[in-house]
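Heads up, the thing below is written out as C-alpha cells.
Derivation of every value follows stated rules applied to the coordinates shown; laboratory data play no part. Everything numeric here is computed off the predicted structure, so don't read it as measured data. Please note: Cβ atoms are built from the backbone with ideal geometry, for glycine as well, and neighbour counts cover all protein chains shown.
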Amino acid sequence: MRDVADAADTPDGGQVRPPGEPARTPRARTPRAEQTRAAIVEAALGLFIERGYEAATMRAIASRAGVSTGNAYYYFSSKEELIQEFYIRNHARHDAACRAVLAAETDLTARLRGTLRALIDVSAPYHAFAATFYKHAAEPSSPLSPFSAQSSPARDAAIGIYREMVGGSSARIGPDLRARLPELLWLYSMGIIAYWVHDTSPGCARTYRLIDMTVPIAGRLVAAARIPVLRSTVRDITAIIDELRG
C-alpha cells in the first residue's frame, strides 16, 4: 500500500475526505502524487475492461492500484470523477498522436483525416468496455456525457485540437464559419466515436473506412460554405446547435 508515502503528498497530511466531497487539488502536485493518481486511473480502466463499468467498485480499484479505499477516495470521489480524469489523459494522448500530421500537412482534409484516425488509434485499447460504458455516457443527464458540465475541461481541450487543425490549414474559410468550425468538427468526431463503439469489424476497419469516406465530404462542405448563398445555411446550422445546447 502507498498510504504512508501518499500522506506527505496531500495538502491535509493524508486525511481522507468522505466519498462525494469534491476532490481538492493541491497547489503543486508532487511526482509521487501524480504517480498515485495515474496508478488509480490505470487500475480503474483495467477493471472496467475486465468487469465492466458497473461491476468495478472503488474498493476493487483501490486494491488493484495498491492504495487503501480511503486514499483512492481522496484523489477521486467517484468512478465518474475517474472517467473525467481518463477523458483528460486520453485527450493528451490524442494531442500527442496528432503532432506528426499537423506538422506535416496544411491541407484541411489531410489534417482532419489524420486527427480522426489518431483519435481511434489512441482509443483502441479501451474498445472492450466502450459499449457498456457508452450507455452511461449517452444519458443526457449523466456527468459522463461529453456534453455535461463536468466534461467541459476535456471537451474544451478536444475542441482546441480542431481549432489548431483549422488554424494551421491552408483552407480559405469565412470568418463566421472559422469561428464555429472547431466545435462542428468535434461534434463530427463524436459521431465517429459513436460508430466506433459499436464497430465489431477486425481492428475497427469499418471506422477507419468511415473516416476516409466522410472526411472529403466534410472538406467539400467547408469549401462550399464560402459560396454566398450557403452562408445563411451555415448560420442556421450553428443557430440550431446553440439552441439545442441551451
Item to complete: In nm, give the distance between the simple-model label positions of ARG93 and ASP156, each being 7 Å from the Cα along the Cα-to-Cβ direction.
Response: 2.4
Practice prompt. Can you tell me the equivalent ellipsoid semi-axes for region 76-229? Use √(5λ) from the Cα gyration tensor, largest first, whole Å.
Written response: 27, 18, 15
Response to the item:
Most packed first (mean Cβ within 10 Å per residue), the peptides 120-128, 73-81, 108-116 order as 108-116, 73-81, 120-128
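Would you mind working out the magnitude of the charge dipole of region 92-165 relative to its Cα centre, with +1 at each Lys and Arg C-beta and -1 at each Asp and Glu C-beta, to the nearest 20 Debye?
Working: 8 positive and 7 negative charges, 16 e Å.
Dipole magnitude for region 92-165 comes out near 80 debye.
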